[in-house]
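Undergrad: Can you keep this structure in mind? I'll have questions shortly.
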Amino acid sequence: MSSIAFIGLGNMGAPMAQNLVKAGHQLTVFDLVPAAVKGLTDAGARAASSAAEAVRGAEIVVSMLPASKHVEGLYLGDDLLSSIDSSALVIECSTISPDSARKVAAAAQARGLAMIDAPVSGGTGGAVAGTLTFIVGGEQAALQRAMPVLQNMGKNIFHAGAAGAGQVAKICNNMLLGILMAGTSEALALGVANGLDPQVLSDIIAKSSGRNWATELYNPWPGVMDHAPASKGYAGGFGVDLMLKDLGLAAESALSSRATIPLGELARNLYALHSSGGSGKLDFSSIVNLYTQKAT
């Protein structure tokens, strides 16, 4: 088992860290929210008073933060890289811009540190169950070192390419997810407006050509799936503002590569409109409220 420092214990990071504790790793954790740290210390992890203290002596450093500015601030602004042992492996699991991932990876390499970007897919449910998908950018040798740890948190592990490639693939995936959720919500709202039962319509779509992840596993209509955030007041899950951030990353990437993403841009505008109405902290499936005139 490994000595691991885990930084960032939000909706995704906390259950990921919990699974590492369950697997028998020696975990030292740090987060700016004391309650999040307590949840892990109650499970057997050790608390650190700072990120620098957390990484001291760690064989592996895992971080899971909200955005590019937080990752760059941690590793570059706070110069955390200088506190990490040169033999350690850094696994950066946040969803950030590819350019930020490459910048941090280059700084790590300059200090002789191995680092991979390994953003995840699978949501909070996958984080709790340990069935996440890791989309990895970086050297193959570094990925092989990371495999035993990643396998304690996830089920599927893909090597997308060099540093930053994991972020590119994750951005593409989440752009499609945002489009699918908006489209699924629109279709269900249309059916209900015309007298259909949302459960019946969802069952039909799930067995027809419109089937997708949202209709099968994460239905946006309240009451259709008991386990989905939609049936829990859209609490928890993957926030509207996080989806908006990822769609913004897709737009930035499209600009830099001169790619066209008309549906991605439309989805970004829809989520921006939804967020502006006060729904930014709700699960992203609450986008259905835009179509039912129930936006909050």
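Quick note: the coordinates plus some simple rules give every number you see, no bench work behind them. The model shown is predicted, which means the values in this text are computed figures rather than measured ones. No Cβ is skipped: glycine too gets one built from the backbone with ideal geometry, and neighbour counts run over all protein chains shown.
Undergrad: What is region 202-278 by shape, rounded, prolate or oblate, if you read a ≥ b ≥ c off the alpha carbon gyration tensor as root eigenvalues and call it rounded for a/c under 1.5, prolate for a/b larger than b/c, and oblate otherwise?
TA: oblate
Undergrad: Among DSSP beta bridges whose residues both lie in the chain, state the antiparallel percentage, nearest 5.
TA: That works out to approximately 15 percent antiparallel.
Undergrad: Against the longest alpha carbon principal axis of the chain, how many degrees, from 0 to 90 and to the nearest 10, is the axis of helix 240-257 turned?
TA: Taking Cα atoms only, the helix is inclined about 80 degrees.
Undergrad: Also: Please report the relative contact order for region 77-129, taking Cα pairs under 8 Å with a sequence separation of at least 6, and give it as a percent rounded to a whole number.
TA: Once divided by the residue count of region 77-129, the mean separation gives 44 percent.
Undergrad: Additional query: Under 19 Å Cα-Cα from K103, which aspartates and glutamates qualify once same-chain neighbours fewer than 8 residues away are excluded?
TA: Within the straight-line cut-off, K103 pairs with E72, D78, D79, E92, D117, E139, D246, E252.
Undergrad: Remind me, relative contact order of the chain in percent, using alpha carbon pairs under 8 angstrom and six or more residues apart?
TA: On the way: 560 pairs, mean separation 39.0, N = 296.
Here the relative contact order equals 13 percent.
Undergrad: Considering the chain as a Gaussian network with a 10 Å cut-off on Cα pairs, which listed residue, F134, F30, F158, attains the greatest mean-square fluctuation?
TA: Taking springs between Cα atoms under 10 Å, the residue moving most is F158.
Undergrad: Moving on to the next point. What percent antiparallel are the DSSP beta bridges of region 26-163, to the nearest 5?
TA: Numbers: 3 of 19 bridges.
Of all bridge pairs located within region 26-163, approximately 15 percent are antiparallel.
Undergrad: Sticking with this one: Could you tell me the relative contact order of region 76-191? Use alpha-carbon pairs under 8 Å, at least six residues apart, and round to a whole percent.
TA: 25
Undergrad: What is the angle, in °, between the Cα long axis of helix 165-193 and the longest principal axis of the Cα atoms in the chain? Nearest 10 is fine, range 0 to 90.
TA: 20
Undergrad: For L266 and V192, what does the FRET efficiency come to when R0 = 22 Å and r is the distance between their Cβ atoms, rounded to the nearest 0.05?
TA: 0.50
Undergrad: Considering the chain as a Gaussian network with a 10 Å cut-off on Cα pairs, which listed residue, M12, M115, M147, attains the greatest mean-square fluctuation?
TA: Residue with maximal mean-square fluctuation among M12, M115, M147: M147.
Undergrad: For the chain, what is the mean residue ellipticity at 222 nm derived from helices alone (per DSSP H run of n ≥ 4: -39500 (n - 2.57); sum divided by total residues; nearest 500 deg cm²/dmol)? If you can, show how the numbers build up before the last one.
TA: On the way: 13 runs with 137 residues, N = 296.
The helix contribution divided over the chain gives -14000 deg cm²/dmol.
Undergrad: Shifting gears a bit: Under 37 °C and 0.692 mPa s, how fast does region 92-251 diffuse according to Stokes-Einstein, given a Kirkwood radius computed over C-alpha pairs? Answer in µm²/s, whole number.
TA: The Stokes-Einstein estimate is 192 µm²/s.
Undergrad: Less than 14 Å Cβ to Cβ from V120, Lys/Arg counted +1 and Asp/Glu -1: what total charge do the surrounding residues give?
TA: Combined, the nearby Lys, Arg, Asp and Glu give -1.
Undergrad: Net charge around P98, counting only other residues with Cβ within less than 10 Å of its Cβ (Lys, Arg = +1; Asp, Glu = -1)?
TA: 0
Undergrad: Using all C-alpha to C-alpha distances in region 87-179, build P(r) with 10 Å bins and read off the rounded percent in each one.
TA: Result, from short to long distances: 18, 51, 27, 4, 0 percent.
Undergrad: Given springs between every Cα pair under 10 Å in a Gaussian network model of the chain, which of N194, N212, N152 has the largest fluctuation?
TA: Greatest mean-square fluctuation among the candidates belongs to N194.
Undergrad: Here's something else I'd like to know. With a ≥ b ≥ c taken as the square roots of the eigenvalues of the C-alpha gyration tensor of region 26-76, please select rounded if a/c is under 1.5 and otherwise prolate if a/b is larger than b/c or oblate if it is not?
TA: Values: a/c = 2.14, a/b = 1.37, b/c = 1.56.
Note, shape of region 26-76 comes out oblate.
Undergrad: Additional query: At 7 Å along Cα-to-Cβ for each site, give me the label-to-label distance between S276 and Q26 in nm.
TA: 5.3
Undergrad: Give the distance, in whole Å, between the Cα centre of region 260-294 and the Cα centre of region 209-233.
TA: Computed from Cα coordinates, the inter-centre distance equals 16 Å.
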